[in-house]
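All remarks here apply to the structure that follows.
The values are calculated or read from the model by the stated rules, or taken from the named source; none is laboratory data. None of the values given here were measured: they were computed from a predicted structure. Here the Cβ positions follow ideal geometry from the backbone for every residue, glycine too, while neighbour counts run over all protein chains shown. These accessible areas exclude ligands, DNA and RNA; they are computed on the full protein's heavy atoms, side chains included. Shrake-Rupley method; radii C 1.70, N 1.55, O 1.52, S 1.80 Å.
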Amino acid sequence: MARHLITSAIPYINGIKHLGNLVGSQLPADLYARFQRARGHEVLFLCATDEHGTPAELAAAKAGKPVAEYCAEMHEVQARLAEGFRLSFDHFGRSSSPQNHKLTQHFAGRLADAGLIREVSERQVYSNTDGRFLPDRYIEGTCPNCSYERARGDQCENCTKQLDPTDLINPRSAISGSSDLEVRETKHLYLRQSALKGDLDAWIDSKSDWPLLTTSIARKWLHDGDGLQDRGITRDLDWGIPVRRGEADWPGMEGKVFYVWFDAPIEYIACALEWVDAGKGQDWERWWRTDKGAGDVRYTQFMGKDNVPFHTLSFPATILGAGEPWKLVDHLKSFNYLNYDGGQFSTSQGRGIFQDQALEILPADYWRWWLLSNCPESSDSEFTWALFQQGVNKDLADVLGNFVSRVTKFCRSKFGETVPAGGSRGPAEETLIADLEARLQRYIAHMEAMEVRKSAQELRAIWVAGNEYLQAAAPWSTIKSDPDQAAMQIRLALNLIGFYADVSAPFIPDASARMAHALGLPAQSLPSSVEQALERLAPDASFEVPDNLFAKITDEQKTDWESRFAGPRD
Ligand SMILES: [Zn+2]
C-alpha cells in the first residue's frame, strides 16, 4: 500500500469561489484522492481556507463585521460548498488556526537562525487618501512587461511576472482609486531566496518528470533578469500572524504580521496538525517529517498556473532554508484557466458561475463531470452553456444514464427485479470484456498520471462500449428466439452497471453510489480485472430500477441560464 499526501491550493476567504477556482485545483485533487483511495492506498487529502491579508480585511469591512468573525463565517460557507461538490478532504483547515500561527513563527525563527532573513528599511507606498500603507496587491497600474492595464503591485495576472509596486506605470490605490500616493520609510523582514537559488535550481533539475508548464515557470523565475529575488515576508497590517522569532519576540517588528504568502503554504502542514487536533487522525508527522515516517510518502500538490512560482520556489525556499527534514513536494499538477463565455471568470468582477449558484441549479455530478472532462490541462478551456448542455446530455444522460435505465427497465419487464439465470457467454461477450480490460488499464494509467481529460475520455469510452454491446446484442430481439441467451446478455449488462459504479466513482460519486445501491452492491475498491468485476451479481440477486440518473438539460434551461449568468453577480 502506497501513501499519498495530496493538497489542493487553498482558496482565499474573501467570498464564494467560482467554477474556475474549483476546476483549477480542488476538483482534480479530489479526483486523484478518490482514485488513490479506491486503489486501496493510504491517502491524506488536505485543503484549507487562506484567511490573511488585506483582501480579507476589506471584505470584512464591506460586510460590516470584525475580520475574525467574517473569516469564521466564510470558512463555514466554503466548507459547506466543498461538501456540496463532494470534495473528500480529510480535513478542511484554516490558515488562521493557532497551529499555523505557531508553525509559521517556528519557520521564521529557523530561517533567521540560518541567516536567511535580513531586515530591510524600505520605502513603501502610503496612500494619503486611504490613510494607510498599501499592500502590493492593492496598488494597480499598467504592467511594464505586457502593458496589461490592471496589473497588481505584486504580480501581473496576465503575464504572471512578479512585480514591485514601483514597477507599475500610472500606479493608483485599488481601494480608493486615488493616485495621491507617497513613499514612506518602514522596516520589514526579507527571506533571502537569492541565497537558496542554487539549492532550488538543483531541486527543480531533479524533477525530470514534472510537466513542462510547471518547470518552465519555475526556471523563468529562477533565471530571468537578475534571477530569483529576495522576498519581503512581513506587512504592516493588523490581521495576520504576528511576527515572532519562534517563540521569542522580534525586536523592531512589533505590530507587524507575516505576509499572507509566507504563512499560507505553511498551512498545508499546519492543516495536518489541525486534522489530528480535531480527532480525525493520529500522527501528522508520519506525513510531513521524513525523519518520522514520511520517507515513503508521495506528496502531490494541485494548483492553478498562477500559483506555480510560490509552490516551486517560495514554499520550497522556506522548507529547504529551515534545515529540518520536512517533506518536499514530489509532484505538482498545475492547470491553465477555465474561461467563461469568451472572457475570464472573475471573483472581483462577479463574472461567471459561482459555486453556490451552480449547486442551486444542478447536482454536483453534472458539474464534476463536465468540469473534469473539460478541465484546462494543456491549454485554457472554455465554459459555454451550449458546451455544458452538450456534454451533460451526451455523456451522462444519453450514454451512461440511458444504459442504466434501459437495462434495468428491460430486465424488470421481462425477468422481474432479479438477476436472470441461464445462458453462457459467447464471442461477443469475450470481445467486449477484452476491450474493457484494455480500456480499464488505460484508464488506471491515465488516472495514475493525473491526465484528467484523457481519464475522462477513457471512462466515457468504457460507458460507450456497454451501449454498443447492448445495441448489437439486442436482448429485446434475442428474448423472442432464445430466452437463455437474453438472460445472459442482461445479466452481463447488469454487472456492467456495477462495474460502471466502481470505475466512475472518482468522477461522479453520487450517481455511482446510486447505481451500486440499486444493485445492492457495497462500495468496493477500483476493480483490477473486468472479468472479476462482471461476476459480482449472481443469478437471482435482487435489484431495483433506479430513478433516472441524469435529467437532460433542455434548450429552455440553457437559454434561461445563459441570460441569468450573463451579467455580474450582485
Ligand atoms: Zn504583464
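Pull out all pairs, ordered by first then second residue, where Cβ-Cβ is under 9 Å, the residues are six or more apart or on different chains, the first lies in the range 216-244 and is on the phi > 0 side of the Ramachandran plot, and the second is open to solvent by 50 Å² or more (accessible area, probe 1.4 Å).
The qualifying pairs are G227/S194; G227/K197.
Give the residues of the range 292-325 that are among the aliphatic types (A, V, I, L, M) and either open to solvent by less than 10 Å² (accessible area, probe 1.4 Å) or under 24 Å from G24 (Cα atoms) (or both), sorted by residue number. Give the steps one after another, and end with the answer.
Within the range 292-325, the first condition is being among the aliphatic types (A, V, I, L, M), and the residues that meet it are 294, 297, 303, 308, 313, 317, 319-320, 322.
Of everything in the range 292-325, those that are among the aliphatic types (A, V, I, L, M) and either open to solvent by less than 10 Å² (accessible area, probe 1.4 Å) or under 24 Å from G24 (Cα atoms) (or both) turn out to be A294, V297, M303, V308, L313, A317, I319, A322.
State which residue pairs qualify: first residue under 15 Å from E468 (Cβ atoms) and inside the range 425-448, second residue open to solvent by 60 Å² or more (accessible area, probe 1.4 Å) in any location, beta carbons under 7 Å apart, and separation of 6 or more residues or different chains.
Note: pairs meeting the criteria are A428/A472; I433/E531.
Considering each of L111, L168 in turn, give the residue that is in contact (Cβ under 8 Å) with a residue 24 or more places away in the chain, away from the ligand (no atom under 16 Å from the Cβ) and under 33 Å from the mean Cα position of the chain (by Cα). Even if it seems obvious, please write down each step before you answer.
Values: L168 fails: away from the ligand (no atom under 16 Å from the Cβ).
Exactly one residue qualifies, and that residue is L111.
Condition (residue is polar (S, T, N, Q), more than 18 Å from H52 (Cα to Cα) and part of a strand (DSSP E or B)) applied to the range 183-203: is it met by at least one residue? Reasoning before the result, please.
Taking the range 183-203 as the starting set, the residues that turn out to be polar (S, T, N, Q) are 186, 193-194.
Those left that are additionally more than 18 Å from H52 (Cα to Cα): 186, 193-194.
Right, trim to part of a strand (DSSP E or B) and you get 186.
Yes, because at least one residue in the range 183-203 is polar (S, T, N, Q), more than 18 Å from H52 (Cα to Cα) and part of a strand (DSSP E or B).
Could you please give the count of residues in the range 331-373 that are closer than 28 Å to L313 by Cβ and in contact (Cβ under 8 Å) with a residue 24 or more places away in the chain? Even if it seems obvious, please write down each step before you answer.
Filtering the range 331-373 down to residues closer than 28 Å to L313 by Cβ leaves 331-339, 344-348.
This time we only want the ones that are in contact (Cβ under 8 Å) with a residue 24 or more places away in the chain, so: 331-339, 344-347.
So the count comes out to 13.
Filter the range 140-157 down to the residues that are at pLDDT below 90 and either open to solvent by 30 Å² or more (accessible area, probe 1.4 Å) or near the ligand (Cβ under 9 Å from one of its atoms) (or both) and list them by number. Even if it seems obvious, please write down each step before you answer.
To start, the set of residues in the range 140-157 that are at pLDDT below 90 comprises 154-155, 157.
Listed by number, the residues that qualify are Q155, E157.
Report yes if some residue within the range 338-349 is open to solvent by 10 Å² or more (accessible area, probe 1.4 Å), touching a Phe, Trp or Tyr at 6+ places or on another chain (Cβ under 9 Å) and part of a helix (DSSP H, G or I); otherwise report no.
No, because not a single residue in the range 338-349 is open to solvent by 10 Å² or more (accessible area, probe 1.4 Å), touching a Phe, Trp or Tyr at 6+ places or on another chain (Cβ under 9 Å) and part of a helix (DSSP H, G or I).
Could you say whether any residue in the range 85-101 is more than 30 Å from R289 (Cα to Cα), within 23 Å of the chain's Cα centre (by Cα), away from the ligand (no atom under 16 Å from the Cβ) and open to solvent by less than 40 Å² (accessible area, probe 1.4 Å)?
Of all residues in the range 85-101, those more than 30 Å from R289 (Cα to Cα) come to 85.
Within this subset, residues satisfying the condition of being within 23 Å of the chain's Cα centre (by Cα) are 85.
Of the ones still in play, those that are also away from the ligand (no atom under 16 Å from the Cβ) are 85.
Cutting the leftovers down to open to solvent by less than 40 Å² (accessible area, probe 1.4 Å) gives us 85.
Scanning the range 85-101, I find at least one residue that is more than 30 Å from R289 (Cα to Cα), within 23 Å of the chain's Cα centre (by Cα), away from the ligand (no atom under 16 Å from the Cβ) and open to solvent by less than 40 Å² (accessible area, probe 1.4 Å), so the answer is yes.
Under 6 Å between Cβ atoms, which residue pairs at least 6 apart in sequence (or on different chains) link something in the range 127-148 that is under 10 Å from T54 (Cβ atoms) with a partner that is within 11 Å of the ligand (Cβ to nearest atom) and open to solvent by 50 Å² or more (accessible area, probe 1.4 Å)?
Correct list of pairs: R137/R152.
Consider only pairs whose beta carbons are under 7 Å apart and that are at least six residues apart or on different chains; among these, list those whose first residue lies in the range 500-520 and is at pLDDT 95 or above and whose second residue is in a helix (DSSP H, G or I) and of a type in the set (D, E).
Pairs found: I508/D365; D510/D365; A511/D365.
Here are the criteria: (1) crowded, with 18+ Cβ neighbours inside 10 Å; (2) closer than 30 Å to W561 by Cβ. Tell me which single one A461 does not satisfy.
Checking A461 against (1) crowded, with 18+ Cβ neighbours inside 10 Å; (2) closer than 30 Å to W561 by Cβ, the one that fails is (1).
Among the numbered conditions (1) hydrophobic (A, V, I, L, M, F, W, C); (2) closer than 20 Å to P265 by Cα; (3) loosely packed, with under 15 Cβ neighbours inside 10 Å, tell me where A108 comes up short.
Evaluating A108 over (1) hydrophobic (A, V, I, L, M, F, W, C); (2) closer than 20 Å to P265 by Cα; (3) loosely packed, with under 15 Cβ neighbours inside 10 Å leaves (3) as the failure.
What do you reckon, is A533 at pLDDT below 95 and open to solvent by less than 10 Å² (accessible area, probe 1.4 Å)? Let's see the steps before the verdict.
Values: at pLDDT below 95: yes; open to solvent by less than 10 Å² (accessible area, probe 1.4 Å): yes.
So A533 fits the description; yes.
Residues being part of a loop (DSSP other than H, G, I, E, B), open to solvent by less than 60 Å² (accessible area, probe 1.4 Å) and either of a type in the set (K, R) or over 27 Å from L519 (Cα atoms) (or both): count how many of those fall in the range 380-419. Before the answer, list the steps.
Filtering the range 380-419 down to residues part of a loop (DSSP other than H, G, I, E, B) leaves 380, 384, 416-417, 419.
From the residues that got through so far, the ones that are open to solvent by less than 60 Å² (accessible area, probe 1.4 Å) too are 384, 416, 419.
From what is left, the residues that are either of a type in the set (K, R) or over 27 Å from L519 (Cα atoms) (or both) are 384.
Within the range 380-419, residues that are part of a loop (DSSP other than H, G, I, E, B), open to solvent by less than 60 Å² (accessible area, probe 1.4 Å) and either of a type in the set (K, R) or over 27 Å from L519 (Cα atoms) (or both) number 1.
Is it fair to say R137 is charged (D, E, K, R), surrounded by 17 or more Cβ atoms within 10 Å (Cβ to Cβ) and within 13 Å of the ligand (Cβ to nearest atom)? Don't jump to the end; show me each part of the working.
Values: charged (D, E, K, R): yes; surrounded by 17 or more Cβ atoms within 10 Å (Cβ to Cβ): yes; within 13 Å of the ligand (Cβ to nearest atom): no.
In short, no.
If I filter the range 249-291 down to residues being touching a residue at least 12 places away in the same chain (Cβ under 8 Å), among the basic types (K, R) and not in a strand (DSSP E or B), which single residue comes out as most open to solvent (accessible area, probe 1.4 Å)?
K280
Across the range 13-42, what is the number of residues that are modelled with pLDDT of 95 or more, within 17 Å of the chain's Cα centre (by Cα) and open to solvent by 20 Å² or more (accessible area, probe 1.4 Å)?
2
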